[in-house]
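Take a look at the structure set out below.
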Amino acid sequence: MPADPSTGDVLEVRHLTVEYDGVTAVDDVSLRVARSEVLALLGPSGSGKSTLLHAVAGFLAPTSGEIWLKSRRVATRERAEPPERRDVAVVFQSYALWPHLSAVDTVAYPIRRRGGGRRTARAEALDILDRLRIAHLADRRPAELSGGEQQRVGLARALARHASLYLFDEPTAHLDTHVRGVFLDELVVRREASGAGGVYATHDAEEALGLADRVALLNSGRLVQLGTPQQVYAEPVDLWAARLTGPASVLTVTVVGARDGGASLDFDGRVFDVESTGETSGGEAVPLLVRPGWARLGGELQGRLLAVRFRGPHSDYVVDTAVGNLLIREPGPPRYAAGADVGWTLSRTWPLGRPGADARSLAKL
Amino acid sequence: MASRPAGLGRRSGVLAVGVVIALLVVFPVIRLGYVVWTEGSGHLDEVFGGPGLGEAVTNTLLLAVAVTAVAVPLGAAVALGLRRTDVPGRRWWRFSMLLPVLVPQFVLGYSWTQAYARAGFTDTVFGLPWPSVLGPWGVWAVLVVNTVPLTYLLTAVGLATRAEPDLERAARASGAGAAAVLREVTLPLLRPSLAAASVLSFVLTLESFAIPQVMGTPAGFSTVTTTIYRDLSLGSDPLSFVEAITLALLLVAITVLVVVPADLWLGPRLRVNRVADSAGAPIVTPRGAAGRWIAGGLGVYLLLGVIVPLVALVTTAMTPAVGVSRSPANWTLDNFAAVVNSRTTDALARSALLALIAATLLTLLGGCVAVLERGRAGRAMASLVTLTLVLPGSTLAVALLIAYGRWIGGTLTLILLAYLAKLWAFAHRPISGALDRLPPGELQAARASGAGALTAVRTVALRPLAPALLAAWLVCFVTALHEVTMSSLLYGPGSETLAVVVLNSAELGRVGLTAALSVLLTLVMLVPALPAWLLIRWLRSPRRACDAAPVGRLSHAG
């Protein structure tokens, strides 16, 4: 199972288990991050995202398993290298700026620790602050900066480390929507420029799907699914993963016939063909995942509108159908009022709750 | 409309508490200054020219500097060792570090003399006496042992509230080693806490009385407080009275000279602007030899500082007379039987009653000030109450004696007034701190749910405040029970407290009886302290579980 450590991965975690205070916070997790790849760790609070990051950074020692950074084994149960000797940089949730240092001294800090002289360190730090467009804040202390500015200084400090792996511990959790957007845009630009790998912990599905090359879903310390954003969104391993990664409706229907790339489904007496990307076999009742964009109003199936919500760019319709409640999202303002009888149809579904439905799924609860 | 009566109530509350402070502290101190001015005119030259005063002041200042210079680094090292390394049995060490303050100062000093002086425990058992335990070195050592728990606590609180674990992690992840993080992040963050610990250690040493009295006076080493005591209780000529009141005023002047600049510098820096995030435990250096070394160091410190002296004290109490071997064959309870007489039990009853009344009134008064200081008018009052913390007990006692001695001199009432004035801040601080930690939203939510101001406090705030109220009560009770600085100046016939009885017994040279009384005085404290401490722990436990869950913080305003 352990791969040849001479591959181009900047991070490899093998069967990592971390316990502290008697709780197994990370439970037998294995994953890799390649050069210039960003892996998002997506999970609710308490799912072990931060613990996993802290183990990779070197703040916590593994209870079992191994951590490799650029084909160098840095942590085992017996021996864990301290954070300062690992080639990683960290951006913290609460910014973790030192109250006694100005922005420029904060960013110069990693350069000084590398052995840079005071003047060269400050010059390079100013350069990084300038690239992040906050050079005018160089002499301010954290107390004089807004949350968004503080987090940009935190990012600048991490960039100054010139690490081959960047760890982001929910860096936007305390930022409001606009500032978060600005920060994420900068992150994307920096990432393309540096070629380093990244691990980004978040509980926000939109952020994870929009930012990462691959997404790892964590629940109670276990890796539930690992795949591209499209995979975890369209083909979640179970209901929990489906709800975590975005709005999800679940319909209970009977499969009456399966064919390549599609299936015939019995919707309360009406047989209906859909494009289905999962394996299904006839005769059984299965829970089907329907994402809001996979269904549309106007079709031969009947339902009644329970609720209609205008969301700006699109409108959400909750349809009460014979097989369950269904969320449909369509562009533009609402076309119907709540209580109206409407027709609807499906273009795509995904069968839930079948272990092994996705070859890439690693574990199911 | 409801706001007017409430505002009036608050204003009259501030007024009432202000009057109490004025009567207890402000008026007596002003009166002291006035009396020094009138009585002293003509005598001051003689007083300042005399040999005693200069020596006492020099000794006191040197002692304060020497104690602070050692107790602060030691306390900080203990805090860092216990909070930042993987010392085996950390929880136990954290508790046992507080042992030296649980023993009354007088008892700690006396037990050191029994342990290390000639014919003491180490001399008779190992043949290893430390003759200079009586005198400046012994006073210094015991004051250090007595101060370290305080400097340790202040540093540990600073570590918990200022040095957020993420700040240290960020430095490690920036390439700094453990030593560099300590030097460049942790210690700079702790600087205000260390400065506060230094000021407090300095001031507490200035006003310390029991330890210099029991260990310094027999060797002819005098401090300001012991000189005041000697002048007032032994001196009979008017000159010694003038010397006592002059020294009392001088002591408060020195204190103010140290505290006021420190407070101006520290005040804004000590205000905690960030609550420690619950984002995991601090970095702890993993299992290694360092932990065992630290544990060994702490063990030696506790052994030599507290355990050996207390063992010596108990064996002295159980040995019939000086010179008799301390072997178990000679052990007897005669000394205990001899001290249990009507004089002792009366004193014990008085002490317990006094401490009970004082602690209860102080919790009420401290709570009043903590609530009233939330308003603008109350803030100056709270500062004044905090200042009484550093007002030397000797000065306060002399001032109260001069102001009210004519009417209530030598009565328990005067001693009670002294306790109230001196310990007010002890009760105020924990309650005020707990109120600060109470999220404002909780009370607002209660009000928005239809509760009146008082009902909201009773139903929502009282439960989370209960541990702080109990802790304030407990601290006041134990401190009042042990108090000897002021009691020894203020007592009269029929109003000796137990601590005064012990002090007098020591001065009469009754070794075995004093040791037995000391053991008694230490154990009496446990009677209310143990149940109260267990109750506090029980009250705090359900909140503990909630704290473990990560809590989202409000974003910093831009």
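The values are calculated or read from the model by the stated rules, or taken from the named source; none is laboratory data. What you are looking at is a predicted structure, and each value in this text was computed from that prediction instead of being measured. Virtual Cβ from ideal backbone geometry, glycine too; neighbours counted across all protein chains shown. Just so you know, the surface numbers come from the protein's heavy atoms only, side chains and all, with ligands and any DNA or RNA stripped out. Shrake-Rupley method; radii C 1.70, N 1.55, O 1.52, S 1.80 Å.
Among the trypsin sites (Lys or Arg not before Pro) in segment B:25-134, those located in a DSSP loop and surrounded by at most 13 other Cβ atoms within 10 Å of their own Cβ are B:ARG118.
Across the protein chains, with a 1.4 Å probe defining accessible surface, the residues A:PHE267, B:PHE27 rank B:PHE27, A:PHE267 from largest area downward. Accessible surface of A:VAL38, taken over heavy atoms with a 1.4 Å probe and every protein chain present, rounds to 10 Å². Set the Förster radius R0 to 56 Å, insert the Cβ-Cβ distance between A:ASN325 and B:LEU98 as r into 1/(1 + (r/R0)^6), and round the FRET efficiency to 0.05. Plugging the Cβ-Cβ distance into 1/(1 + (r/R0)^6) gives 0.40. This model, with +1 at the C-beta of Lys and Arg and -1 at the C-beta of Asp and Glu, gives segment B:1-127 a dipole about its Cα centre of some 1080 debye. The residue among A:ALA338, A:GLY324, A:LEU301 whose Cα reaches farthest toward the positive pole of the charge dipole of segment A:242-351, with charges on the beta-carbon of Lys, Arg, Asp and Glu, is A:ALA338. Pairs of Cα atoms in chain A fall into 20 Å distance bins, from 0 up to the last occupied one, in shares of 26, 47, 24, 3 percent.
Considering only DSSP beta bridges with both partners in segment A:9-234, what is the antiparallel share in %, to the nearest 5?
55 percent
Placing +1 on the Cβ of every Lys and Arg and -1 on the Cβ of every Asp and Glu, with nothing else charged, gives the protein assembly as shown a dipole about its Cα centre of roughly 480 debye. Placing a pseudo-label 7 Å from each Cα along the Cα-to-Cβ vector at A:ARG119 and B:ALA253 gives an inter-label distance of 5.3 nm. In this entry, chain B is assigned a mean projected area of 29.2 nm², taken as a quarter of its C-alpha convex hull surface. Farthest toward the positive end of the dipole of the protein assembly as shown, out of A:GLY210, B:PRO309, B:SER240, is the Cα of B:SER240, where the dipole comes from beta carbon charges about the Cα centre.
Rounded to the nearest 100 Å², what is the sum over both chains of accessible area buried where A meets B, with a probe of 1.4 Å?
Details: alone 16560 and 26530 Å², together 40680 Å².
Result for this pair: about 2400 Å² buried.
Taking every DSSP helix (H) stretch of at least 4 residues in the protein assembly as shown, weighting each as -39,500 (n - 2.57) and dividing the sum by the residue count yields a mean residue ellipticity at 222 nm of -17000 deg cm²/dmol.
Which value, in Å², gives the accessible area per residue of segment B:420-462 when a 1.4 Å probe is used on the protein heavy atoms?
53 Å²
Taking Cα centre as origin and charging only the Cβ of basic (Lys, Arg, +1) and acidic (Asp, Glu, -1) residues, the dipole magnitude of segment A:9-234 rounds to 900 debye.
Would you kindly give the portion of the calculated P(r) for segment B:390-434 that falls above 17 Å, as a percent of all Cα pairs? Counting every Cα pair in segment B:390-434, those more than 17 Å apart make up 37 percent.
Find the eigenvalues of the gyration tensor of the Cα atoms of the protein assembly as shown, then list the square roots of 5 times those eigenvalues as equivalent ellipsoid semi-axes, largest first, in whole angstrom.
In descending order, the three semi-axes are 67, 32, 27 Å.
Applying D = kT/(6 pi eta Rh) to segment A:132-196, where Rh is the Kirkwood radius over alpha-carbon pairs, T corresponds to 25 °C and eta to 0.890 mPa s, the Stokes-Einstein value obtained is 197 µm²/s. Across all C-alpha atoms in segment A:160-283, the radius of gyration and Dmax reach 19.2, 64 Å.
The mean count of C-beta atoms from other chains within 10 Å of the C-beta of residues in A:86-96, rounded to a whole number, is 5. In segment A:162-263, what percentage of the DSSP-assigned beta bridges are antiparallel, given to the nearest 5? Close to 60 percent. Considering only beta bridges that DSSP places wholly inside the protein assembly as shown, some 75 percent are antiparallel.
When the charge dipole of segment A:9-234 is built from unit charges on Cβ atoms (+1 for Lys and Arg, -1 for Asp and Glu) and taken about the Cα centre, the candidate among A:ALA173, A:LEU223, A:ALA163 whose Cα reaches farthest toward its positive end is A:ALA163.
Working note: Karplus 6.51/-1.76/1.60 with θ = phi - 60° gives segment A:231-244 the couplings 5, 5, 7, 8, 10, x, 6, 7, 4, 4, 5, 5, 5, 5 Hz, where Gly and Pro are set to x. Taking a span of 24 Å or more along the helix axis (Cα atoms) and a mean Kyte-Doolittle hydropathy of at least -1.0 as the rule, the DSSP H helices of chain B that qualify are B:3-21, B:51-84, B:136-161, B:187-207, B:238-270, B:342-372, B:412-437, B:462-482, B:511-547. Using a 1.4 Å probe on the protein heavy atoms, what percent of the accessible area of chain B belongs to carbon and sulfur? The value for chain B is 69 percent carbon and sulfur by accessible area. Counting only protein heavy atoms and a 1.4 Å probe, tell me what percentage of segment A:1-93's accessible area is made up of carbon and sulfur. Looking at segment A:1-93 in its full context, I get 46 percent from C and S. Running Debye on segment A:242-351 with equal point scatterers at the Cα sites and no solvent, what base-10 log of I(q)/I(0) appears at q = 0.13, 0.23, 0.24 Å⁻¹? So the normalised log intensities work out to -0.46, -1.28, -1.36. Taking every protein chain into account, the 1.4 Å probe leaves B:VAL103 with about 10 Å² of accessible area, to the nearest ten.
Between A:GLU81 and A:THR228, the simple label model (points 7 Å from Cα in the Cβ direction) yields a spacing of 3.3 nm. Which parts of segment B:162-179, residue by residue, lose 40 Å² or more of accessible area when the rest of the protein chains are there, as against the chain isolated (1.4 Å probe)? Flagged in segment B:162-179: B:ASP166, B:LEU167, B:ARG169, B:ALA170, B:ARG172, B:ALA173, B:SER174, B:GLY175.
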